[in-house]
Each structure stands twice: as structure tokens, then as C-alpha cells.
1. In vacuo Debye scattering of the range 223-287, one point per C-alpha: log10 I(q)/I(0) at q = 0.24 Å⁻¹?
2. At 1.4 Å probe radius, can you tell me the per residue accessible area of the chain in Å²?
3. Can you pull out the chymotrypsin sites (Phe, Trp or Tyr not before Pro) in the range 76-133 whose DSSP state is coil and whose Cβ has at most 11 other Cβ atoms within 10 Å?
4. Top mean-square fluctuation among 184, 203, 104, Gaussian network model of the chain, C-alpha springs under 10 Å?
5. Any chance you could tell me what percent of the C-alpha pair distances in the range 103-201 go past 21 Å?
6. Please give the residues of the range 40-57, grouped as numeric ranges, whose backbone N is less than 16 Å from a label point set 7 Å along the Cα-to-Cβ vector of residue 208.
7. I'd like the antiparallel share, as a percent to the nearest 5, of DSSP beta bridges with both residues in the range 2-216.
8. Using only the Cα atoms of the range 8-100, each taken as one equal point scatterer with no solvent, compute I(q) by the Debye sum, divide by I(0), and report log10 of the ratio at q = 0.10, 0.11, 0.12 Å⁻¹.
Amino acid sequence: MILLEARELTKRFGNVIALEQVDFTVSQSVTGLVGHNGAGKSTAIKIFLGLLAPTAGEALVLGLAATDGVDVRERVGYMPEHDCLPSRVSATEFLKHMAEASGIPPHHARTRASDLLRHVGLFEERYRAMGEYSTGMKQRVKLAQALVHDPVLALLDEPTAGLDPTGREEMLDLVRRTHTEFGISLVFSSHLMGDIERTCDRIIMLDHGRVSQTGEVSTFTQESETLYVEVDGHRDEFMAALESRDLSVASDGTVVVVEDVHDDAYDLIRDALAESGAPLRRLAPRRRALADLFDIPSEGDGP
């Protein structure tokens, strides 16, 4: 089922082109919307939410024009990038209000707010004013409010922004569990390739307002023809035995890297281990990371 579709989608701000004839679809999954800051990710999200009108082309949400307003928004959640929470209101009050604003009766809204605060790990802190929350706690509330009306699809704009490594790990886990436990499809906008690789099934990459790559994450990170071999001793003898068998080898710290592996290489590596007397600790193929393939950061706050 196609949830989002861009058809020759174009958005200009004066002489600045944010999106130019963009075509892509988003189906039921966790989809990464990837690109450097300024690539057009937030602009695309705001167009699908009906917050911006396209200059040209179409943006469809569940088959409806994104400009259809209420019909679209009641089925789509949105987690904004920037801090926009009322500081003097408690999380439970805020979520209850957001649920009621979506048409959920007050009793059910209260239950829904409690359930989601438990899901995001803030149940014990639910009565505290949100102005007292850490950045990570605020990000969790923003995720909860994006889900409070049980949408079909939620758009998450830089959900790990400003988080330390532990907070980022916890948010990525929450994003993945939201999809697997609730069945809600997600669009995860980020400039951090490591976050996308660990969380998403598919990617759509934007570069200066154009789509540069689309596809399954697994197709970009499939195993390459390189093996990492770690041995307990006799490493030099092992490397010499590999080289005598015309294998291309290099040293990477304590690991022996065997390049351009072919079908017979595993037998040759076995024979080299036996000849050198090197005890094998670990042998594994190298998996490519998205950050190895595209010039976009994998960690940190990026540009």
C-alpha cells in the first residue's frame, strides 16, 4: 500500500529551489528520508502535512491530496524537529489535550496518553511540567504526541537531534518498536546515516532538492567480497601463508583483511591457518555501512 507519493514535486522560495521535480513513493515500512541539512527533507515533510503548498507537482497522502487538510491530518502524525512544547504543562495534560483535539473522547484520551507515556518511558514522570524535562525526555513526548491519535503514518523530523549517544540509542529503539508493536509506518528524516541504517527498511536520499538514491537499506549494505580474520598468535606466519596462495591481504590492527574473496578462498584460508598454526578466533565478511557509500555523517550532529 502506497502511503505517500511525490509526483514531479517542486518547491521554490524565490530564487531558491528546495525541491525540483521529485518523484518517490513511501509504503508500509520505516523509511529513511536522508540528506544533508538543506537537502529538502523538512520541506518535503511540510508539504505532505499540508503546511506548505508545492510550487508545482503533486503530493499525495493515502491517495488524497496533501492539501485536503483534516482528512489527511487525522491519519498522519508529525514529530517536529524543534522544541515546541508548552513548558508549564505536564506531559499527561498535553497528550490528553492532543488526543481530544483529534476527536478522541476525554476518558479514552486519558487512557491513550497514559499508554503512550508508558511506551516512551515517561510514565513515572508524566505529571512533571515539561519545562523541567531533559532534551531526551522532550523528544520522547514529541514522539508520543505524534502517535496519540493512532495514525496510519507518522513523519519524524530529525528525532535524534540534540541527543547524547545513550539518548540516541534509546530513541532509535523506540522508533523501531513503534513500528513493530503498533504497526504504524514511519518516515524518519535524518542527516545521520548510522541512525537510518539501524532503524529503516528503505531509504530515499535527497541531494540539493533532487532524489539521488532510493531502495532497500539491505541492498546498500550487503556483504562485500572482503573477509576479516582474527587469529590468536602466529599472525605474520598466517599472512605469509595467505600471500603464498595468491590472496590479497592487509593488516588492520589485530585483524587480517582478505580482499577480493572468490569461491575457493575459504578453503585456502583454512589451509593457511593449518600451515601457520594460527588459532582462529573470528572470521566474518565485511558489511558496508551507508556512511561508506554516501558522503553523509554517520554520527554526531553533522553540518
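1. The computed values of log10 I(q)/I(0) come out as -1.00.
2. Here the per-residue accessible area is 48 Å².
3. 127
4. 104
5. Counting every Cα pair in the range 103-201, those more than 21 Å apart make up 32 percent.
6. 40-41
7. Rounded to the nearest five, the antiparallel share is 55 percent.
8. Rounded to two decimals, the profile gives -0.33, -0.40, -0.47.
The values are calculated or read from the model by the stated rules, or taken from the named source; none is laboratory data. Given the structure is predicted, the values throughout are model-derived calculations rather than measurements. A quick note on method: Cβ atoms are made from the backbone with ideal geometry, for glycine too, and the neighbour counts reach across all protein chains shown. Surface accessibility is based on the protein's heavy atoms, side chains included, excluding ligands, DNA and RNA. Shrake-Rupley method; radii C 1.70, N 1.55, O 1.52, S 1.80 Å.
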